[in-house]
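Down below is the structure, laid out as structure tokens.
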Amino acid sequence: MADMTVEEKLAQLYGMWIGASGDSGEMVAPMMDEMLGEVPPFEEFAKNGLGQLTRIFGTHPVEPAAGAKALMETQRWLKTNTRLGIPALSHEECLTGLAAWKATTFPTPLAWGASFDPDLVGEMSAAIGDSMVRLGIHQGLSPVLDVIRDARWGRVEECIGEDPYLVGSIGSAYVKGLEGAGIIATLKHFVGYSNSRAGRNLAPVHAGPREIADVLLIPFEMAVLDAGVRSVMNSYAEIDGVPVAADPKLLTGLLRDRWGFEGTVVADYFAFQFLRDLHGVAEDFADAGRQALAAGIDIELPTGRTLRQPMVDAINAGDVDIAIVDRALERVLLQKASIGLLDATFEEDAPTDIDLDPAEHRAIAARLAEESVVLLANDGTLPLAAGSTIAVVGPNADRAPALFGCYSFINHVLSQHPGTAQGIDVPTVLSAIRSEQGADAVVAYEPGCAVDDADTSGIADAVAAATRADVAVVVVGDQAGLFGRGTVGEGCDRDSLELPGVQRQLVEAVLETGTPVVLVMVTGRPYAVDWALDRCAAAVQAFFPGEEGAAAIAGALSGRINPSGRLPVSLPRSVGAQPYSYLRPPLGGQNGTSNLDTAPARPFGFGLTYTDFRHRNLRVASGEVASDGAIVATVTVTNTGERDGSDIVQLYGHDVVGSVTRPVAQLLGYARVDLAAGERADVTFVVPTTRLAFSDRDLVRIVEPGKVDLWVGSDCETRDTEKSIVIVGDVHHVSLSDARMTLVEVAR
């Protein structure tokens, strides 16, 4: 550092988007065309060095081996053509798998939440990390730890669920898998982003400090303190008028001073510029860069619009203290050193044969897809009877992109390269049903309508096909996209939670035929479909289940797979009930003070199976638990049905009397338990009392003495077996040394 010029120091604090330009036609970041500005050739841009390389694989379709070779050559250039020879750190998106052509595309995070299986999510992220390492990538911009607060928000599909503990435990598993593979994981979006007004992307956030501390920050705290994440990305949000990108209380005071985070904080794309151009709190680019660095962000991404020349000029003029640059620079260089970049020579040749979609990765994708399918309703029509004639209708029945989220390569990039092959084998729901049912099955198909337009001309053909069939499988839902190019995804918010376009008309028209209807929803958010749940013979929810998702859906319909997914987010009754969360105080639900019914159509944790599970005899090790101790609770779970299955055992609690209002239900722990028909198991939860912690009236996080009701049920509203305990002793002030994770033991 002592030997570096101002220009060389700043060069380490920004990235360059190789191959991207404002007139390239791609739009893979918000306002990208406006924000990149004039970008000089790489050799000019990087003459003083470069901090990061932005999305070499995730901007255009590029053969994996060719991309690895280009990345290697770029690193060699930096080693040999800059004075200090410091390589760049290469980052990519990896939310549903590495966002690169021909890479395995896994289920979206809502599906991770529906699986309630953190171990499998960790396997997935380790596989993603393995692919990234082979290409020469160092950092992955995942996972998203925003807690869902409003289903209208387009980025709901990138989130894990509406419960902070579910988000934190599964998100931490993802971090451990990715970091264990040698990739720097990046938590997104710290913090508040998901709590925007009216569910609109980048809209102001008006959340009180208690909601931020007790709901929105919990997953980030877990991933920093328990998973050891090495990078954090700021939220675009402004909270009560203060943009997070310029808030030292969050980015330094909380993240570093209190939590002890020692990694790097990277800017969400163009967040530095947004301080001037969108938030209006900076007078020019230099001021924007100064505020962001002073707050605690270390790296401007995706490029260096504010730090490259404006900051050089401001420092030379004496307007900015070099100390804030040196602070960020030290963190950046330490991280580069920690992954071996400062010693790397790049003399070896890049690999020439790289398979980014190997069989073992597809197997993980298949398992996760199977575990995430949620059965919402069933009158006995499912599993489908052998020999049934089936009409498959609906806009998502025969479209591969319908299976993927916004940050999949197919929807994020490939949609703008028509004619380019998908690069991976992706059966559609239609083809998977035909394969599942066998060569002799009679399966007719009609799309009926598109995902999101007003054309109803195809509904008559869908009705005719359903009339001739024994059962109609109606496959509806979303198309993920970016900035208005989809019905869900970044910048694709909704002001209604009706199925997009004329899909409800299609479903209702098919219902009128009298043919039993199996409604299959392939979506990136929960929709208000209470009108259909009682009228359809069965209903299945799949949250963008990935490249193996169609086979999982078809397997659930046939009975080859026993559905085991559970809702990680409440299924809303109407858009008028938004924003809604099961984590509500008593007055947050339906009561005599209002005529509106806010009860969800299906509650958090809900999901049916083809067998029956009985939860009995909840017992505790002690009826009194010290305020700094742990609740030890055991429940007996029995598969009372006639086929093997997986139960999601859910332990909930309610702090009966609190000094501030408490949720009527709160997830304290969960376990995925596989049981053969007739098999029984005892599931023991060791719950640290900090799972019940909250911010008191002085905004100090405490565990308060008093009575706590406990129950185990099939969802947050069902109490199959109950027990109460009393937390005793003095008020416990929560510290970083307190446990945060519930331990689970299963004894058969």
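Here, the stretch 111-184 yields an orientationally averaged convex hull projection of 4.7 nm² when only Cα atoms define the hull.
Taking the centroid of alpha carbons for each part, the stretch 305-322 and the stretch 335-385 are 42 Å apart. Along the charge dipole of the stretch 539-698, pointing to its positive end and built from +1/-1 on Cβ of Lys, Arg, Asp and Glu, which listed residue (F544, T684, G592) has its Cα farthest out? Of F544, T684, G592, it is G592. Each 10 Å bin from zero up to the one holding the largest Cα-Cα distance in the stretch 1-159 carries the following percent of pairs: 10, 33, 33, 19, 6, 0. Here the stretch 468-615 is treated as a sphere whose radius is the Kirkwood value from Cα pairs; by Stokes-Einstein at 10 °C and 1.306 mPa s it diffuses with a coefficient of 94 µm²/s.
Taking the C-alpha atoms only, the angle from helix 549-558 to the longest principal axis of the chain is near 10 degrees. Note on D319 and Q590: their simple-model spin labels are 5.9 nm apart, each label 7 Å out from Cα toward Cβ. Given q = 0.15, 0.18, 0.19, 0.28 Å⁻¹, what are the Debye log10 I(q)/I(0) values for the stretch 166-235, with equal point scatterers placed on the Cα positions and solvent ignored? Values, matching the q order: -0.51, -0.69, -0.75, -1.20. Counting only Cβ charges, +1 for Lys and Arg and -1 for Asp and Glu, the dipole size of the stretch 458-582 around its Cα centre is about 200 debye.
Of all lysines in the structure, those lying under 22 Å Cα to Cα from K723, and not within fewer than 8 positions of it along the same chain, are K707.
Across the stretch 566-707, Cα-Cα distances exceeding 21 Å account for 55% of all pairs.
The heavy atoms of Y445 present about 70 square angstrom of accessible area, all protein chains included, probe 1.4 Å.
Among beta bridges identified by DSSP and lying wholly in the chain, the antiparallel ones come to about 55 percent. Take 268-274, 609-615 and order them by the average number of nearby Cβ atoms within 10 Å per residue, most first; the result is 268-274, 609-615. For the stretch 485-549, the solvent-accessible area of protein heavy atoms averages 24 Å² per residue (probe radius 1.4 Å; ligands and nucleic acids excluded). A dipole drawn for the chain from +1 and -1 charges on Cβ atoms has a positive end, and of A213, V660, W112 the residue lying farthest that way is V660.
Each of E704, E347, E7 has its accessible area taken with a 1.4 Å probe; listed largest first, they run E347, E7, E704. Averaged over residues, the count of other Cβ atoms within 10 Å places the peptides 331-337, 527-533 in the sequence 527-533, 331-337, highest first. Computed per residue of the chain from DSSP H runs no shorter than four, each worth -39500 (n - 2.57), the mean residue ellipticity at 222 nm is -7000 deg cm²/dmol.
Once the 1.4 Å probe is applied to the protein heavy atoms, the stretch 137-194 comes out at 9 Å² accessible per residue. Here the chain has 48 percent of its accessible surface on carbon and sulfur atoms, given a 1.4 Å probe and all protein chains in place. Classification of the stretch 140-262 by its C-alpha gyration tensor yields an oblate form. The axis ratio a/c (a ≥ b ≥ c) is 1.5 or more, and b/c is at least a/b. About its Cα centre, the chain has a charge dipole of approximately 1060 debye under the convention of +1 per Lys or Arg Cβ and -1 per Asp or Glu Cβ, with nothing else charged. Note on the stretch 206-292: Cα-Cα pairs beyond 16 Å make up 55% of the total pair count.
Across the options I148, V443, V649, the greatest Cα extent toward the positive end of the charge dipole of the chain (unit charges at beta carbon of Lys, Arg, Asp, Glu) belongs to V649.
Partners of K336 within straight-line reach, counting lysines whose Cα lies under 23 Å from its Cα and excluding those fewer than 8 residues away in the same chain: K9, K47, K69, K79, K176, K188. For the stretch 49-155, the relative contact order is 31 percent, taking Cα pairs closer than 8 Å that sit 6 or more residues apart in sequence and dividing their mean separation by the residue count. Once the chain from E745 to A441 is taken as fully extended at 0.36 nm per residue, the excess over their C-alpha distance is 105.0 nm. Quick note on the stretch 366-495: its Rg to Rh ratio, both from C-alpha atoms and Rh being the Kirkwood radius, is 0.98. Accessible surface for the stretch 698-748, divided over its residues, is 53 Å² per residue with a 1.4 Å probe.
Here the Debye sum runs over all C-alpha atoms of the chain as equal scatterers in vacuum, and log10 of I(q)/I(0) at q = 0.06, 0.07, 0.09 Å⁻¹ comes out as -0.36, -0.49, -0.81. Charging the Cβ of each Asp and Glu at -1 and of each Lys and Arg at +1, and nothing else, the dipole of the stretch 232-354 about its Cα centre rounds to 360 debye. Computed packing ranks the peptides 567-573, 111-117, 386-392 as 111-117, 567-573, 386-392, most packed first, by mean other Cβ atoms within 10 Å. Of the whole protein surface, T467 contributes about 90 Å² of accessible area at a 1.4 Å probe radius.
The values are calculated or read from the model by the stated rules, or taken from the named source; none is laboratory data. Note that this is a predicted model, so its numbers are computed, not measured. FYI the Cβ positions are ideal-geometry reconstructions off the backbone, even for glycines, and counts take in every protein chain you see. All accessible areas refer to the heavy atoms of the entire protein, side chains included, with ligands and DNA or RNA removed. Shrake-Rupley method; radii C 1.70, N 1.55, O 1.52, S 1.80 Å.
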